[in-house]
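The next block holds one structure in the form of structure tokens; read it before the comments.
Quick note: the coordinates plus some simple rules give every number you see, no bench work behind them. Owing to the predicted nature of the structure, the values given are computational and were not obtained by experimental measurement. Cβ coordinates were reconstructed from backbone atoms using ideal geometry, including for glycine residues, and neighbour counts include every protein chain displayed.
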Amino acid sequence: MNNSKTLVQLFAAAALLALAGCSDGPAEDAGEKVDEMVTDTKNAIEDACEKVKETAKAENENC
């Protein structure tokens, strides 16, 4: 009887953790915004690099 009670408690705890992991919280939203900003910055740097190489008539314009 004691083992089944422990098993039920473990299952309940696992279910709560799984549900908590599925929700979008403020930290996850902030992380997604940071990821988007980093991607936008990388794209802007690459565009600027390609423009400079194009202006300098470099053979390879890819950055």
Other residues with Cβ under 15 Å from the Cβ of residue 43 give, with Lys and Arg +1 and Asp and Glu -1, a net charge of -4
Once residue 35 and residue 53 are pulled to full extension, the length gained, defined as 0.36 nm per residue separation minus their Cα-Cα distance, is 3.8 nm
